[in-house]
Structure formats: C-alpha cells, structure tokens
Amino acid sequence: MAATYWAYFGTLTARRSRGIYVAPWDAGTGSFGAVRLVAETPLPTFLAVHPRQPVLYAVNAVRHFQRKRQGSVTAFTFDPGTGDLRELNQQPSGTAGPCHITTDRAGRHVLVANYAESSVAVLPIESDGRLGEPTCVIPHYGKSVNPQRQDAAHAHSVNLAPDERFAFVADLGLDKILIYRFDGARGILAPHDPFFAEVDPGAGPRHFAFHPSGQFAYVINELANTVTAFRYLPDLGELTPLQTISTLPEGYTETSYTAEVAVHPNGRLLYGSNRGHDSIAIFRIDPETGTLTAVGHAPSLGKWPRHFTLDPTGEWLLAANHNSDNAVVFRVEGEALTPVGSPLTVPEACCIRLVERG
C-alpha cells in the first residue's frame with residue numbers, strides 16, 4: 001500500500017499568504033487533498049523536518065526580530081494524524097533575511113543561511129524539538145561582478161556532506177561555495193582549507209545537492225541559469241569543478257533565473273527549476289564521471305517554480321510555482337516528467353516538505 005503524506009508549504013506572505021499551509025498527499029495516486037492554513041507566521045519561505053521527531057522548522061525571512069537587525073527561525077510540532085502545527089518557540093537566525101535551513105541527521109542542530117546580511121548560523125535543538133540560541137554565526141564578506149545582485153555577499157543555502165564532517169554554503173554574492181568543518185557535538189563551524197570552490201564570475205550559486213554516491217555534487221547558478229558539476233573528495237572536503245551546463249533550451253533569450261536543484265534517488269537524473277522559462281530542466285548523470293547531459297524540459301504548469309521535492313521512492317516530483325500560487329505533481333517516467341491531476345492552489349508557494357501521515 002502506498003504511503004500517504006502531509007505536504008507542508010512554506011510561503012512568502014507578501015500578497016495573499018498568511019503563513020504555512022498543509023494538504024494531504026497520496027503517493028499511490030499522486031493527488032492532493034484540500035489545502036489549509038496551519039500556522040500564521042511571517043515569511044516562512046523555507047522549511048526543514050526533524051529527522052526523528054514530529055517537528056517542523058521554518059525560517060522567517062524578516063530583517064528585524066527582537067528589536068535587532070536579524071531574522072528568526074520558528075520550531076513547530078506537527079500532529080501526524082491531523083497535520084496541525086503548534087508553535088514551540090522562536091530564536092534569532094544570526095543576521096537578517098534567513099532563506100534556507102537544514103538539520104543534521106542526529107536532530108541535534110539546525111543550520112541556517114542568511115541572505116540579506118550574509119552569514120551561516122548553527123542553532124541547537126533541545127530534547128523536545130525547541131531551538132536554542134545560535135551557538136555559531138559566521139558572517140560572509142565580499143562581492144562579485146554583477147552590481148545589481150552581487151554588490152555584497154548573499155548566502156543562499158547550507159548543506160551538510162553525507163558524513164556531516166563538512167558544511168557547504170552557496171553564496172550567490174561571492175560566486176563561491178564556502179566550505180566549513182562542522183563540529184556536530186558543539187554546534188560549531190570553522191573555515192576549512194580549502195575554504196571555497198568557485199563558479200564562473202556572475203553565475204550566482206543558489207542551491208546545492210550531493211549525488212547519492214557521495215562522489216559528486218552540483219550547484220545551480222541563479223544568475224547564469226547553469227548547473228556546475230563537481231567531483232567531491234570526502235576525505236579532503238574538496239570540490240573540483242567538472243562541468244558547467246545551461247538549464248535553458250538552446251536559443252532561449254528571455255529573462256529567467258534558476259532556483260532548486262535535486263538528484264533523483266537512483267542517482268541517474270538531476271533536476272533544476274527555471275523561473276521565467278517556467279520549467280523543470282532534466283539532466284542525465286554519467287555514473288562514472290558525474291557529468292551531465294541535457295535531456296529536456298517539463299513545463300512547470302505555473303509561473304516561477306521556486307522549489308520542488310522528490311518523494312522518497314523517486315516516483316513523484318512535486319513543484320511549487322510561486323507567482324501562480326499553485327503546486328503541481330509530476331510522475332517520474334524514465335527521463336520524462338508527466339503531470340498528474342489538477343494543480344493545487346497554494347498562495348505564494350515557496351517550499352514543499354513531505355512528512356508521513358499517522
């Protein structure tokens with residue numbers, strides 16, 4: 001029997017949205033149930049789920065919290081039977097405008113990337129899922145070649161290596177993936193040597209994903225509409241660039257920006273979202289070299305696909321179209337994505353997270 005899930009939606013709350021929404025989702029049919037608001041909270045643009053407890057974490061991409069120039073992170077418990085959320089607590093994110101969050105496998109820490117005033121932060125998770133105050137906040141400084149978007153550093157995501165010895169922070173403003181050693185016992189980050197891997201000037205790295213083998217990694221570049229493939233040496237914590245490839249069709253000249261990147265659980269496919277072209281780009285991964293071959297594009301059936309997620313089986317891809325206020329389900333059929341059912345209306349959808357229903 002196919003699993004059933006709660007699909008939680010992080011949103012922008014700039015127009016119609018009021019916070020975090022939820023809808024039941026059936027992995028047998030791919031269909032959504034009715035959507036509803038379950039938490040009123042400002043700018044919960046990105047979500048993460050505790051690996052062992054029924055707790056959901058949301059960044060609040062605000063620029064002022066507790067009368068200081070900083071963002072916040074909110075912890076919620078969720079009821080697996082009803083999908084309801086209950087706020088546990090809020091803590092500062094370190095600096096202003098948090099945009100991405102992840103947890104370690106043990107459920108002892110969350111790591112946050114702050115975009116507006118670039119930094120990476122670590123917050124401890126208490127035994128009941130509540131958050132403690134940051135144990136580590138490291139600011140980023142510098143700029144790159146795009147005067148409109150890269151006049152300062154802008155951390156856009158933070159990801160842990162498979163063995164969690166290292167954390168990788170894609171900084172859009174620096175055109176670098178910064179590499180930190182992660183001390184999971186103390187919740188401390190320290191600059192690694194080498195401290196960074198670079199992408200092309202003006203590329204604007206946004207989100208980052210490891211290959212299931214742990215031998216390769218991929219960063220999607222928002223400003224250049226490209227994906228850069230790296231070979232990863234886990235013993236050294238080192239990224240070596242292999243290839244950079246466009247996410248757009250040949251000859252496309254309209255404005256577009258990438259957003260999310262993810263590797264299929266089988267390790268043979270990579271997906272990236274294009275905002276403007278409004279599509280999911282599909283790439284084949286060479287299992288020996290980690291390099292990419294463009295396969296095609298699936299229309300996102302909405303505008304501005306900001307985030308998408310694959311279910312644990314890899315049979316489904318769920319995409320959040322921010323500007324058209326909807327979420328769409330695709331069946332993964334070989335190298336193709338086939339839309340299933342009708343789009344679900346979700347105001348200002350930014351992020352989708354699945355948790356199994358009780």
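No lab work stands behind these numbers, since they all come straight from the coordinates. No experiment lies behind these values; they were computed from the predicted model shown. Don't worry about glycine lacking a Cβ; one is built from the backbone with ideal geometry, like all the others, and counts go over all protein chains shown.
Collect the residues in segment 232-254 that are more than 30 Å from PRO191 (Cα to Cα) and either part of a strand (DSSP E or B) or within 22 Å of the chain's Cα centre (by Cα) (or both), keeping them in residue-number order. Before the answer, list the steps.
Step one: list which residues in segment 232-254 are more than 30 Å from PRO191 (Cα to Cα), which gives 246-254.
Within segment 232-254, SER246, THR247, LEU248 qualify.
Name the residues in segment 23-73 that are closer than 30 Å to MET1 by Cα, touching a Gly at 6+ places or on another chain (Cβ under 7 Å) and of a type in the set (S, T, N, Q), would you?
SER31, GLN53 - these are the residues of segment 23-73 that are closer than 30 Å to MET1 by Cα, touching a Gly at 6+ places or on another chain (Cβ under 7 Å) and of a type in the set (S, T, N, Q).
Criterion first (of a type outside the set (Ser, Thr, Tyr), at positive phi, more than 17 Å from the chain's Cα centre (by Cα) and assigned to a loop (DSSP other than H, G, I, E, B)) does GLY173 satisfy it?
Values: of a type outside the set (Ser, Thr, Tyr): yes; at positive phi: no; more than 17 Å from the chain's Cα centre (by Cα): yes; assigned to a loop (DSSP other than H, G, I, E, B): yes.
Here the answer is no, as GLY173 does not meet what is asked.
In segment 293-336, which residue that is of a type in the set (S, T, N, Q) and outside any loop (DSSP other than H, G, I, E, B) is farthest from the chain's Cα centre (by Cα)?
First, pick out the residues of segment 293-336 that are of a type in the set (S, T, N, Q): 293, 300, 309, 313, 321, 323-324, 326.
Still in the running and outside any loop (DSSP other than H, G, I, E, B): 293, 309, 321, 326.
Working: THR293: 23, THR309: 9, ASN321: 14, ASN326: 18 Å.
Restricting to residues being of a type in the set (S, T, N, Q) and outside any loop (DSSP other than H, G, I, E, B), the top hit is THR293.
Filter segment 235-264 down to residues that are surrounded by 15 or more Cβ atoms within 10 Å (Cβ to Cβ) and aliphatic (A, V, I, L, M) and give me whichever is farthest from CYS351 (Cα to Cα).
The residue in question is LEU242.
Out of ARG206, ARG186, ARG105, report the one residue that is at negative phi, touching a Ser or Thr at 6+ places or on another chain (Cβ under 9 Å) and surrounded by fewer than 16 Cβ atoms within 10 Å (Cβ to Cβ). Please lay out each step first, then the result.
On the way: ARG206 fails: surrounded by fewer than 16 Cβ atoms within 10 Å (Cβ to Cβ); ARG105 fails: touching a Ser or Thr at 6+ places or on another chain (Cβ under 9 Å).
Of the residues listed, the single one that is at negative phi, touching a Ser or Thr at 6+ places or on another chain (Cβ under 9 Å) and surrounded by fewer than 16 Cβ atoms within 10 Å (Cβ to Cβ) is ARG186.
Give the residues of segment 76-102 that are touching a Ser or Thr at 6+ places or on another chain (Cβ under 7 Å), farther than 19 Å from VAL355 by Cα and surrounded by fewer than 24 Cβ atoms within 10 Å (Cβ to Cβ), sorted by residue number.
Once the filter is applied, which keeps residues that are touching a Ser or Thr at 6+ places or on another chain (Cβ under 7 Å), farther than 19 Å from VAL355 by Cα and surrounded by fewer than 24 Cβ atoms within 10 Å (Cβ to Cβ), segment 76-102 yields GLN90, GLN91, PRO92.
Run down ALA197, ALA190, ALA170, ALA209 and say which single residue is more than 24 Å from LEU123 (Cα to Cα) and touching a strand residue (DSSP E or B) at 6+ places or on another chain (Cβ under 7 Å). Break it down stepwise before answering.
Working: ALA190 fails: more than 24 Å from LEU123 (Cα to Cα); ALA170 fails: more than 24 Å from LEU123 (Cα to Cα); ALA209 fails: more than 24 Å from LEU123 (Cα to Cα).
Only one candidate qualifies: ALA197.
Within segment 25-37, track down each residue that is assigned to a strand (DSSP E or B) and more than 21 Å from the chain's Cα centre (by Cα).
Within segment 25-37, ASP26, PHE32, ARG36, LEU37 qualify.
Can you find a residue that is under 16 Å from TRP316 (Cα atoms), surrounded by 15 or more Cβ atoms within 10 Å (Cβ to Cβ) and either free of Cβ contacts under 8 Å to residues at least 60 places away in the same chain or among the charged types (D, E, K, R) (or both) anywhere in segment 34-44?
no
Does segment 343-351 contain at least one residue that is farther than 24 Å from PHE76 by Cβ and surrounded by 15 or more Cβ atoms within 10 Å (Cβ to Cβ)? Reasoning before the result, please.
Going through segment 343-351, the residues farther than 24 Å from PHE76 by Cβ turn out to be 343.
Subsequent filtering for residues that are surrounded by 15 or more Cβ atoms within 10 Å (Cβ to Cβ) retains 343.
Checked against the condition, which is being farther than 24 Å from PHE76 by Cβ and surrounded by 15 or more Cβ atoms within 10 Å (Cβ to Cβ), segment 343-351 yields at least one hit.
ALA217: surrounded by fewer than 22 Cβ atoms within 10 Å (Cβ to Cβ), under 17 Å from the mean Cα position of the chain (by Cα) and either assigned to a strand (DSSP E or B) or of a type in the set (D, E, K, R) (or both), yes or no? Write out each step before concluding.
Values: surrounded by fewer than 22 Cβ atoms within 10 Å (Cβ to Cβ): no; under 17 Å from the mean Cα position of the chain (by Cα): yes; either assigned to a strand (DSSP E or B) or of a type in the set (D, E, K, R) (or both): yes.
No; evaluated as a whole, the condition is false for this residue.
Of the numbered conditions (1) in contact (Cβ under 8 Å) with a residue 60 or more places away in the chain; (2) surrounded by 16 or more Cβ atoms within 10 Å (Cβ to Cβ), ASP163 satisfies every one except a single condition; which is it?
Single failed check for ASP163: (2).
Take VAL120 and tell me if it is buried (at least 20 other Cβ atoms within 10 Å of the Cβ), of a type outside the set (D, E, K, R), out of contact with any helix residue (DSSP H, G or I) (no Cβ under 8 Å at 6 or more places or on another chain) and within 23 Å of VAL137 (Cα to Cα).
Against the criterion (buried (at least 20 other Cβ atoms within 10 Å of the Cβ), of a type outside the set (D, E, K, R), out of contact with any helix residue (DSSP H, G or I) (no Cβ under 8 Å at 6 or more places or on another chain) and within 23 Å of VAL137 (Cα to Cα)), VAL120 qualifies.
Of (1) closer than 30 Å to ARG16 by Cβ; (2) touching a Leu at 6+ places or on another chain (Cβ under 7 Å), ASP325 satisfies all except one. Which?
Of everything listed in (1) closer than 30 Å to ARG16 by Cβ; (2) touching a Leu at 6+ places or on another chain (Cβ under 7 Å), ASP325 misses just condition (2).
Do you know which residues across segment 115-131 are closer than 18 Å to ALA61 by Cα and either in contact with a His (Cβ under 7 Å, 6 or more places away or on another chain) or not in a strand (DSSP E or B) (or both)? Step through it out loud before you land on a result.
Going residue by residue through segment 115-131, those that are closer than 18 Å to ALA61 by Cα are 115-123, 131.
Scanning segment 115-131 gives TYR115, ALA116, GLU117, SER118, SER119, VAL122, LEU123.
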